[in-house]
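The values are calculated or read from the model by the stated rules, or taken from the named source; none is laboratory data. Please read these numbers as outputs of a predicted model, since none were measured by experiment. Cβ placement follows ideal geometry from the backbone for every residue including glycine, while neighbour counts extend to all protein chains displayed.
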Amino acid sequence: MEFEPLDDFEEKLKRSFERWPAPPELKRRLMENRRRRKERPRWFALPREVLVAVSLSLGVGVFAALYSGIASYQHEQQREGEAARQQVLTALRITDHALDNINKQLAAHGRASQE
Amino acid sequence: MAHDWQPDFEQLVDEHQSMVFSLALRMTGDRGLAEEIAQDVFLEFDRRLGKMESADHARFWLRRVAMSRSVDALRRRQTRGTDRWVEMEDHHGIHAEERTSPLGARLEQLLATLPEPQRAALVLRYQEELTPEEIAAALEAPLATVKSHLQRGLKLLRAKAAIHLKEFVREKECVRGV
């Protein structure tokens, strides 16, 4: 395919495909957007090192909060388990004491019948 | 690398807004969308202004980004399945006839019916008068592919023009009562 010189049809295309004039408001809107963008606080434009440090601190903070939450939950579970165990032991001691009393009464009753 | 060129954003906008807008308009066929694309391109350009090494570099960058943003916008719109030029005339009140000759307007309409890669190559070739090598660089495509798009696009456009422009001439003659 030859690109030079252009034939008649290509010349017509060239003439037809001239640049369109940009709309008059394009530049005004653009400069307005540009001004607004420059006025906006740009925290994301902080140095990369600062953003990395902030992200890492946030990550560590979240991890620490999760870890302490889990540890506290486990501690609470252990405490509740221990309390339940103590209650069972107390109940067993009471039962043991009651049975002991009944045994003593039965023995006393047996001795009285023999006499 | 240090460079001496001191770009002036406003001056560069004045110089290149017509190019960026025309590329976007010919690629998308939608005046509103073309304006949006031009805005995005120039705002991105402003962010990268410090990296521009020369006027040529700036022009090359603007052309490349205008084309890629237009192609992205077209692909996002493809799902809608609307006819670009019908939409353009119906909703945006743009008439290709307003600036170019009626023949030129027909050619613009025919260009809009070409597949997007062929249209991109032809717009850069005939609007921007770029060589195939420059088009390949602007579209970030292999040279052989660009040459093929140019060849096929031109052939298709010629064929369509042969049919439609005959009808067009016949219509004009009927209107004139020839």
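Restricted to helices (runs of 4 or more DSSP H) entirely inside the range A:1-114, those with at least 1 residues that are in contact with a helix residue (DSSP H, G or I) (Cβ under 8 Å, 6 or more places away or on another chain), closer than 30 Å to B:SER22 by Cα and polar (S, T, N, Q) are A:8-16, A:24-39. Do we have B:VAL146 as modelled with pLDDT of 95 or more, surrounded by 15 or more Cβ atoms within 10 Å (Cβ to Cβ) and farther than 15 Å from A:PHE9 by Cα here? It is true that B:VAL146 is modelled with pLDDT of 95 or more, surrounded by 15 or more Cβ atoms within 10 Å (Cβ to Cβ) and farther than 15 Å from A:PHE9 by Cα.
Just so you know, in the range B:40-51 the residues that are surrounded by fewer than 20 Cβ atoms within 10 Å (Cβ to Cβ) and not acidic (Asp, Glu) include one that is nearest to A:LEU26 (Cα to Cα), and it is B:LEU43.
On inspection, B:MET1 does not qualify as over 19 Å from A:PRO23 (Cβ atoms) and modelled with pLDDT of 95 or more.
Considering only residues in the range B:23-54 that are out of contact with any helix residue (DSSP H, G or I) (no Cβ under 8 Å at 6 or more places or on another chain) and closer than 24 Å to B:ALA136 by Cβ, the one that is nearest to the other protein chains (Cβ to nearest Cβ) turns out to be B:LYS51. Note on the range B:22-35: residues that are surrounded by 15 or more Cβ atoms within 10 Å (Cβ to Cβ) and under 22 Å from A:ARG36 (Cα atoms) amount to 3. Of the residues in the range B:89-108, not one is more than 12 Å from chain A (Cβ to nearest Cβ) and modelled with pLDDT of 75 or more. Do you know which residues across the range B:59-76 are among the aliphatic types (A, V, I, L, M) and either under 14 Å from B:LEU139 (Cβ atoms) or at pLDDT 95 or above (or both)? Hits for the range B:59-76 are B:LEU62, B:VAL65, B:ALA66, B:MET67, B:VAL71, B:LEU74.
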